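Let me begin by presenting the structure, written as structure tokens, before commenting on it.
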Amino acid sequence: MQLSAVDSQLYKADLEELIRFGCILDRRPQSLGGRTVAMELAKSWLRVRTRDGRVEPLMANGVQNAFELRRGQRNIVLKARQLGLTTWVAARFFLRTITQPGTLTLQVAHTQEAAEAIFRIVHRFLARLPAALRNGPLATSHASVRQLVFPVLDSQYLVVSAADRNAGRGLTAQNLHCSELARWPGDPGETLAGLRAALAPDGELVLESTPDGVGGCFHDEWQRAAETGVVRHFFPWWMEARYRASAVDAATLTEDEQKLVTREGLDLEQIGFRRQVRANFRGLARQEYAEDAESCFRASGECVFELESIEARLAELPAPVATRRNGEMTIWLPPVAGKRYVVAVDPAGGGSEGDYSAAQVVELETGLQCAEYAGHTTGLELARLVTELAGEYNQAELVVERNNHGSGVLALVTIVCCYQRIYAQGEKPGWLTDTVSRPAALSRLGAALVERPECFLSARLLAECRSFVRLPNGGTGARAGTHDDCVLAMAIALAVRDELLTMRGGRLT
């Protein structure tokens with residue numbers, strides 16, 4: 001590109017102005033009335049499409065202002081739906097990308113469709129910039145549905161889907177935005193770990209999502225935010241000014257509604273909107289339109305078990321008396337002479353990744369959980385481990401699930417380890433998990449969690465219970481990125497305990 005002397009001077013001036021802005025984006029000059037330079041640039045340079053189809057300057061709303069006031073280097077955002085936070089983070093990171101040389105921004109959405117929607121917002125930012133910038137120092141060498149490259153600044157903006165397991169691999173990002181983390185497919189924890197490895201030490205991180213049940217990657221990140229130094233932001237639905245409807249009659253306010261009016265200062269039009277939401281969304285209302293940072297998790301996610309009982313028990317768990325195998329084995333109640341026990345085993349494949357092999361030790365008479373194992377082992381190692389455990393607990397009844405890998409473990413327990421007290425169904429040793437026995441065993445576990453929560457001593461087991469959900473295919477199992485091995489081992493243990501106590505269907509060999 002040939003530039004005239006005048007154009008060259010203007011080009012240089014524009015570039016220098018961009019870089020100068022990049023050094024002061026987070027400053028709050030007195031002349032801006034408390035707004036940051038970035039907020040003023042967003043208003044002056046960036047355009048968004050409103051819900052009624054108009055294109056307008058991006059002026060920070062209440063949620064976006066609140067985020068800017070408390071934003072840190074590492075952030076996690078729990079929010080109600082459609083508050084404009086994703087657009088704001090895209091704008092903030094876009095401004096950093098076009099004003100700070102050598103910047104890579106990586107924005108990760110939960111689906112490809114969501115990634116493309118985000119990038120349409122970013123493309124609009126670029127297309128509506130002043131022509132002198134867009135055709136000068138911000139001219140792109142590559143512009144696609146997922147990437148913008150600014151060669152003069154050596155910067156780029158990249159939007160990808162979390163379904164891409166290689167997202168971020170080989171890159172060093174200065175800005176990382178993980179959108180709707182609670183709904184990422186596959187193993188979100190593993191994907192997030194890879195993306196974090198790509199973030200520069202002084203880079204900026206934003207994790208954000210609406211809730212999707214207790215347990216899982218996003219819930220865990222939210223719970224651990226204080227210990228990991230991440231700033232937590234919670235934005236309830238009423239922070240969005242558009243969320244209003246016809247005013248309700250004050251005389252009809254329920255006790256719950258009156259508390260919101262008093263505690264949060266809601267007016268009768270907001271209560272009218274709340275009633276509409278509850279009528280239209282029913283059980284999903286507290287998830288999609290969050291009101292507090294606890295109930296929105298508990299109300300969402302279709303958990304199979306009673307969450308209130310689980311949460312109450314988690315708050316009062318005793319410490320174990322011993323741990324073994326680097327924490328894989330936990331003991332709460334050592335064996336007592338004269339007592340009988342059940343050891344139930346849910347075997348896995350034995351690799352260093354994927355599901356764990358799990359074992360639960362339950363006292364036969366009371367149903368008390370005494371010990372638990374969860375780890376990655378080979379079949380022979382697991383067979384030896386559980387036979388030693390069963391022997392330690394007074395030659396306990398050893399129950400091995402015989403599905404899949406379990407048949408091999410069961411053979412090793414019998415032939416190599418020569419253990420005698422093996423539970424059998426009819427003439428077949430081991431427990432068969434099928435379409436009848438599985439839901440029955442899980443129902444029994446669910447009832448025990450409510451009726452006898454004091455019998456459960458493992459935080460790991462209860463955490464798995466929290467994230468054991470109804471799946472889209474109609475079945476039940478662990479939420480993506482979580483495990484259910486301890487749950488299934490305990491369900492088998494309690495089912496067999498009941499059989500042995502009542503002498504219905506089970507026998508010992």
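Coordinate-derived values only; no laboratory data. Everything numeric here is computed off the predicted structure, so don't read it as measured data. In this analysis, Cβ positions are derived from the backbone assuming ideal geometry, glycine residues included, and neighbour counts consider all displayed protein chains.
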Charge dipole of the chain about the Cα centre (unit charges at C-beta), most positive-ward option of ALA182, VAL108, THR377: VAL108
For the stretch 5-235: rounded, prolate or oblate by the Cα gyration tensor [a/c cutoff 1.5]: prolate
Label-point separation in nm, GLU294 to ARG340, each point 7 Å along Cα→Cβ: 4.2 nm
From the coordinates shown, Cα extents along the principal axes in Å corresponds to which of (i) 161, 58, 41; (ii) 67, 49, 43; (iii) 95, 64, 37: (iii)
Listed residues HIS483, LEU317, GLN64: farthest to the positive end of the dipole of the chain (Cβ charges): GLN64
Sequence-distant residues sharing a close amide H with CYS370 (under 5 Å, placed H): VAL361, VAL362, GLU363
For the chain, size of Cβ-based charge dipole, Lys and Arg +1, Asp and Glu -1, in debye: 1200 debye
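Rounded to the nearest 20 Debye, what is the dipole magnitude of the stretch 307-508 about its Cα centre when Lys and Arg each give +1 and Asp and Glu each give -1 at the C-beta? Spell out each step's value before the answer.
On the way: 19 positive and 24 negative charges, 61 e Å.
Using Cβ point charges on Lys, Arg, Asp and Glu, the stretch 307-508 gives about 300 debye.
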Approximate spin-label separation ARG169-THR50, in nm, with each point projected 7 Å along Cα-to-Cβ: 4.5 nm
Electrostatic dipole magnitude of the stretch 250-298 [Cβ: Lys, Arg +1; Asp, Glu -1; Cα centre; debye, to 20]: 220 debye
Long-range HN-HN contacts of GLN107 with modeled amide H, under 5 Å: LEU158, VAL159, VAL160, HIS177
Sequence-distant lysines (8 or more away, or on other chains) whose Cα lies within less than 25 Å of LYS12: LYS43
Cβ-derived FRET efficiency at R0 30 Å, ALA200 paired with LEU380, nearest 0.05: 0.10
Kirkwood-Stokes translational diffusion coefficient of the stretch 350-437, alpha-carbon pairs, 4 °C, 1.567 mPa s, µm²/s: 96 µm²/s
Separation of alpha-carbon centers, the stretch 11-72 and the stretch 223-252, rounded to whole Å: 24 Å
Global form of the stretch 307-508, assessed from the alpha-carbon gyration tensor, a/c cut-off 1.5: rounded
Principal axis dimensions, the stretch 1-133 - Cα atoms, whole angstrom, descending: 53, 37, 30
Phi-based couplings in Hz for the stretch 182-190 (Karplus 6.51, -1.76, 1.60; Gly and Pro marked x): 4, 10, 5, x, x, 10, x, x, 5
Mean separation of Cα contacts under 8 Å, 6 or more apart, over the residue count of the chain: relative contact order %: 12 percent
Residue-wise HN-Hα coupling along the stretch 150-163, computed from phi with Karplus coefficients 6.51, -1.76, 1.60 (Hz; x: Gly, Pro): 10, x, 4, 8, 6, 10, 8, 10, 10, 10, 9, 9, 5, 5
Within the chain, percent of DSSP bridges classed antiparallel, to nearest 5: 55 percent
Anchor LYS259: lysines whose Cα lies under 26 Å away (excluding residues fewer than 8 positions away in-chain): LYS79
Shape of the stretch 250-298, Cα gyration tensor, a/c cut at 1.5: oblate
Length released on extending from ARG224 to GLN258, taking residue separation times 0.36 nm less the Cα-Cα span: 9.0 nm
Cβ-derived FRET efficiency at R0 22 Å, ARG124 paired with ILE19, nearest 0.05: 0.40
Residue (of LEU95, ASN326, THR387) at the positive-pole extreme of the chain, dipole from beta-carbon charges: LEU95
Note, ³J(HN,Hα) from phi for the stretch 51-62, Karplus 6.51, -1.76, 1.60, rounded to Hz, x at Gly and Pro: 5, 8, x, 7, 9, 9, x, 7, 9, 4, 8, x
Distance in nm between pseudo-label sites at ALA322 and ASN403 (7 Å out along the Cβ direction from Cα): 3.3 nm
